[in-house]
1. Would you be able to say whether some residue in segment 76-96 is in contact with an Asp or Glu (Cβ under 9 Å, 6 or more places away or on another chain) and at positive phi?
2. Report, ordered by the first and then the second residue, all pairs with beta carbons closer than 6 Å, sequence separation of six or more or different chains, a first member in segment 59-77 that is more than 17 Å from Ser93 (Cβ to Cβ), and a second member that is among the aromatic types (Phe, Trp, Tyr) and assigned to a strand (DSSP E or B).
3. If Gly113 meets every condition in (1) among the small types (Gly, Ala, Ser); (2) at pLDDT 90 or above; (3) surrounded by fewer than 20 Cβ atoms within 10 Å (Cβ to Cβ) apart from one, which number is that one?
4. Right, Val60: within 20 Å of Thr210 (Cα to Cα), β-branched (Val, Ile, Thr) and part of a strand (DSSP E or B) or not?
5. Looking only at segment 197-209, count every residue that is loosely packed, with under 14 Cβ neighbours inside 10 Å and not basic (Lys, Arg) and tell me the total.
6. Six or more apart or on different chains, Cβ under 7 Å: which pairs go from a residue in segment 199-211 that's under 11 Å from Ser94 (Cβ atoms) to one that's in a strand (DSSP E or B) and of a type in the set (Gly, Ala, Ser)? Could you list them?
7. Identify, by number, the condition in (1) closer than 15 Å to Asp133 by Cα; (2) at pLDDT below 90; (3) part of a strand (DSSP E or B) that Ala178 doesn't meet.
Amino acid sequence: MRPFVLITSLLLSASLSNAAQASDIGVVGLFPGKAVLVIDGSSPKTYSVGSKVTDDVKLVEANGSSATLEVKGKRQVIGIGEYVSRSMPGATSSVTLKVNPQGHFVADAQINGAMMTMLVDTGATMIALPASDAARMGVNYKQGRMITVNTANGPAPAYMVKLNTVKIGDIEMNQVDALVQESGLPFALLGMSFLNRTEMRREGEMMVLTKRF
């Protein structure tokens, strides 16, 4: 069995604080088939897949990297240090991201329904995807407009596309501009075509994204 994954005490404290303030469900630990959740700032509790977390929330999937919660009939995928809101419809959507050991913020995202991890990069003008990931998500990137980008290994072809949906936590956006590179991009970047539609707030080792439009 995969070892239990738990965030640091500092991150756990921040997560508990955020959950208490926002009436949210936060993930503080994960392992296959189970998730450790914080409900409205209460003590962490372990839930098995299939169990009801609250009257309107159910844990439907859990693995070593994310948990899938069904909130009022809508599924949301979140990682450790992130949370989902149980606010009434119309409330502002937000997600909390954690910093990784290298000092970068990462996000567990769904692009066109497919899961992937992205590195937050405010210096990137738009979302950037390796071609292999784009193909896995069903993005026919070669129908996009071809341009040339500079990489560490020199100029490389890239394609401008629109992603049908990009979802991180309970923030979901449609028709988001992205760039697909066939070489020179080892991992996906969450760039400003997504981030500029959110309010970004840094809180120590956490970053809170709040959807603006």
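The values are calculated or read from the model by the stated rules, or taken from the named source; none is laboratory data. A quick note: this is a predicted structure, and the numbers were derived from the prediction, not measured. Heads up, the Cβs are rebuilt from the backbone with ideal geometry, glycines too, and the neighbour counts pull from every protein chain shown.
1. yes
2. What qualifies is Leu59/Tyr47.
3. Against the list (1) among the small types (Gly, Ala, Ser); (2) at pLDDT 90 or above; (3) surrounded by fewer than 20 Cβ atoms within 10 Å (Cβ to Cβ), Gly113 comes up short only on (2).
4. So Val60 does not fit the description; no.
5. Going through segment 197-209 one residue at a time, the tally reaches 3.
6. Listed by first residue and then by second, the contacts come to Val208/Ser94; Leu209/Ser94; Thr210/Ser94; Lys211/Ser94.
7. Every condition holds for Ala178 apart from (2).
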